[in-house]
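Participant: Just passing along the structure, written as structure tokens.
Readers should treat all values here as calculations from the given coordinates under stated rules, not as data from a laboratory. Note that the coordinates shown come from a computational prediction; the quantities given were computed from them, not determined experimentally. Don't worry about glycine lacking a Cβ; one is built from the backbone with ideal geometry, like all the others, and counts go over all protein chains shown.
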């Protein structure tokens, strides 16, 4: 039995085999994969693999134990030089790493059951006028002492243990309800929701979105869904259908982390999106790297020709902001403009944005 665990990791279950037989299967897999090339447009990548083996019952009797030890052995194989397999042994030093993942799985379950997730909101700002266009809803977990835990600490584990769909659904329901409350108060806000892509093709998920919008009296035109470019391209047909289904409800769509995967511009014509979010790796050093400036100018030109709005992430100083404004990028977000906050900003405009950008005390406080 073969299954995907998440990301670039796969699991194989071999019933009733001895150690030697498991080694032979691993050898066959390595021989089949080594030297293969993946072609993406004009780019070619070679495939490599590292395989970890855990044996039942010698190295565990519970699925979680065997998965932990196989994961430990896989990392040991990587350290030994990749393109090889390794059978778990007690000398391996990575076991604690997987035990941490198992503990995180329990914490995610508890957070979902006990309402220990919260949303913070970071504004996306019009770089010409300073007006706040919308907010991105960002997930946080509350620790036992109510300390905020960033998503990077637990989302990989959620993906690996099949909990990411539940998290997606929680975020969607909470964000749409929040939008509905803003409509009721007469202070409507537009909100962006990050999705993992695990719900592509899931009719139940689409029904959840539709029902939550109806029950919450939310405005679907004030809901933006975001998915990363890499996830969309890996599931192109499903992504295209999913995007169109959500657009039929009145929602908008953004392609996140644009520029890091595959032949980016080629796929834009196949995805009916409203926003392109330029990956932060092209923005962080924009004031020091002329190549990044050329790339962002190209994104700006393409976005404009396709009637899409370009958004720059990770704006962290006034030099970066000034270059983006000179290029003509439509919108931006980042700590220099505003950090994520537990509530919406008390103003509609980031002051000073049209000149040398500085936050007003009202916003920064």
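Participant: Let me know the shape class of the stretch 112-271, please: from the alpha-carbon gyration tensor, a ≥ b ≥ c as square roots of the eigenvalues, rounded when a/c is under 1.5, otherwise prolate if a/b is greater than b/c, or oblate.
Facilitator: rounded
Participant: Kindly put 112, 163 in sequence by how many other C-beta atoms sit within 10 Å of each C-beta, fewest to most.
Facilitator: Neighbour counts put them in this order, fewest first: 112, 163.
Participant: In terms of the Cα gyration tensor, with a ≥ b ≥ c the square roots of its eigenvalues, is the stretch 120-188 rounded because a/c is under 1.5, prolate because a/b exceeds b/c, or oblate?
Facilitator: Prolate, since a/c reaches 1.5 and a/b exceeds b/c.
Participant: Another question, then. When the convex hull of the C-alpha atoms of the stretch 265-349 is computed, what volume per residue in Å³ does it have?
Facilitator: Each residue corresponds to 112 Å³ of Cα convex hull volume.
Participant: Mind sorting 71, 289, 146 by how few other Cβ atoms lie within 10 Å of their own Cβ, fewest first?
Facilitator: Ascending number of Cβ neighbours within 10 Å: 146, 289, 71.
Participant: Would you please classify the overall shape of the chain from the alpha carbon gyration tensor, given that a ≥ b ≥ c denote the square roots of the eigenvalues, rounded means a/c under 1.5, and beyond that prolate means a/b larger than b/c while oblate covers the rest?
Facilitator: Note, shape of the chain comes out prolate.
Participant: Sticking with this structure for a sec: Using Cβ counts within 10 Å as a stand-in for footprinting exposure, how do 89, 251 rank, fewest first?
Facilitator: Lowest count first: 89, 251.
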